[in-house]
Amino acid sequence: MTARRIILVALFFTVFVTAFAASSPNAAAKKKRIAKKEVAALGEAVLGADEAAAQAAAKRLGEVSNRSATAALTDALALGLAPNVALAALGALEARADATALPTLEYYLKVRPKKLRVASVRAAAATATPKGDALVTRALDDHTREVRGTAATMVKERKITSAATRLIELLIAGSKPAASALAAIANAEIALAVAETIGQAPHELVADSLGEMLLRESCGPDSLRVEVVRALAKVPGGAGALHLAAYVAATPEKPPRKSRREAEALMRDNL
């Protein structure tokens with residue numbers, strides 16, 4: 001191979017690798033380190049009187065890899081910020097997913113503006129830690145529906161099975177996010193608990209939870225699906241039958257599955 005050809009091949013390889021890296025989803029998401037003095041300046045800007053600049057500074061602190069950026073955000077939140085700036089700072093902490101922010105997030109789960117409590121729940125879930133999960137579960141007791149709904153959604157994403165008891169209570173109270181979260185975390189015990197709410201919780205929500213559970217690939221063995229199918233058949237008002245039909249439609253005939261055959265039989269019995 002001539003020297004010129006070697007250079008051309010090397011150039012092509014470099015361009016290809018650069019283009020591939022730029023197109024990679026992780027390339028855009030990767031955080032970059034900045035100078036310490038810039039982190040300090042951004043922290044001061046978050047505390048400044050210009051709210052637009054403060055929000056932009058908070059967002060920027062969420063985008064860098066410096067560990068000190070978390071401290072800059074939590075320090076600013078501890079000193080007190082205007083609601084919209086605090087919201088931006090909490091959003092930045094969610095982006096950082098740093099467990100060292102959890103004490104600050106725990107405090108902000110008690111503040112009055114519900115939008116800040118919602119943001120705190122999301123940021124706590126993002127840390128993906130047992131303590132963060134505990135804060136999310138605690139937020140299921142919040143006095144506003146929006147915060148409880150966000151917490152239920154985070155339970156669903158994080159698969160926090162320890163929240164099942166509180167979610168059952170919320171299901172009985174009529175919470176749609178709780179119904180979906182229960183479907184996502186369900187094991188045999190949780191599925192039975194949901195089935196036992198028939199007659200206590202709104203029929204549609206119970207059916208939605210059991211139906212979503214049934215369609216999950218990770219629902220469990222087919223014997224569990226059989227029990228869920230039977231529970232759906234007991235839901236009054238026809239809501240359960242709709243989910244049985246959806247399950248039959250979504251499940252291939254082969255390999256044979258007892259739960260599918262039972263769903264078909266129950267649908268015929270109810271015609």
Assign unit charges at the C-beta atoms only (+1 for Lys and Arg, -1 for Asp and Glu), then state the dipole size of the stretch 147-194 relative to its Cα centre in Debye, rounded to the nearest 20.
160
So how tilted is helix 203-215 from the main axis of the chain? Cα-based, degrees 0 to 90, rounded to 10.
70
Selection from V228, M154, Y108, by position along the positive dipole direction of the stretch 103-241 (Cβ):
Y108
Please work out the ratio of the alpha-carbon Rg of the stretch 143-271 to 2.2 N^0.38 Å and round it to two decimals.
1.02
Go ahead and set up a Gaussian network model of the chain, Cα springs under 10 Å, then flag whichever of G240, G220, G174 fluctuates most.
G220
For the chain, averaging the sequence separation of alpha carbon pairs under 8 Å that lie six or more residues apart and dividing by its residue count, the contact order in percent is 9
Which of H243, H203 comes first, and how do the rest follow, when ranked by fewest Cβ neighbours within 10 Å?
H203, H243
Karplus-derived HN-Hα couplings along the stretch 251-268 (A = 6.51, B = -1.76, C = 1.60, θ = phi - 60°), whole Hz, x at Gly and Pro
10, x, 5, 10, x, x, 10, 4, 4, 5, 4, 5, 4, 4, 5, 5, 5, 5
1/(1 + (r/R0)^6) with r = Cβ-Cβ of R261 and E189, R0 = 30 Å, i.e. FRET efficiency to nearest 0.05, evaluates to 0.75
Of the trypsin sites (Lys or Arg not before Pro) in the stretch 76-116, which ones lie in a loop per DSSP and count no more than 12 other C-beta atoms within 10 Å?
K110
Which residue, L79, L109, L232, has the most motion in a Gaussian network model of the chain that connects Cα atoms within less than 10 Å?
L79
Just to be sure I follow the definition: excluding the sites themselves, where is the longest run in the chain that has none of the GluC sites (Glu not before Pro) in a DSSP loop with at most 13 other Cβ atoms within 10 Å?
1-195
In whole angstrom, how far apart do the alpha carbon centroids of the stretch 185-232 and the stretch 98-117 sit?
33
Rounded to the nearest 20 Debye, what is the dipole magnitude of the stretch 136-220 about its Cα centre when Lys and Arg each give +1 and Asp and Glu each give -1 at the C-beta?
220
Of the convex hull enclosing the alpha-carbon atoms of the chain, the direction-averaged projected area in nm² is 21.9
Given unit charges at Cβ for Lys, Arg (+) and Asp, Glu (-), the dipole magnitude of the chain about its Cα centre in debye, nearest 20, is 920
Label-zone membership for the stretch 104-130, site T161, 7 angstrom Cα→C-beta point, backbone N under 18 Å
129-130
Taking other Cβ within 10 Å of each residue's Cβ, how do K37, K176 sort, fewest first?
K37, K176
Dipole of the stretch 65-169, positive end: most advanced residue of A88, A134, V118 [Cβ charges, Cα centre]:
V118
With -39,500 (n - 2.57) per DSSP H segment of 4 or more residues and division by the full residue count of the chain, the 222 nm estimate, nearest 500 deg cm²/dmol, is -22000 deg cm²/dmol
As straight-line cross-link partners of K131, the qualifying aspartates and glutamates (C-alpha separation under 18 Å, not fewer than 8 residues apart within one chain) are E94, D98, E106, D141, D142, E157
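Each reported figure results from applying straightforward, stated rules to the coordinates on display, with no laboratory input. Computed from a predicted model, the values in this text were never measured in an experiment. Using ideal geometry, Cβ is built from the backbone for each residue, glycine included, and neighbour counts are taken over all protein chains shown.
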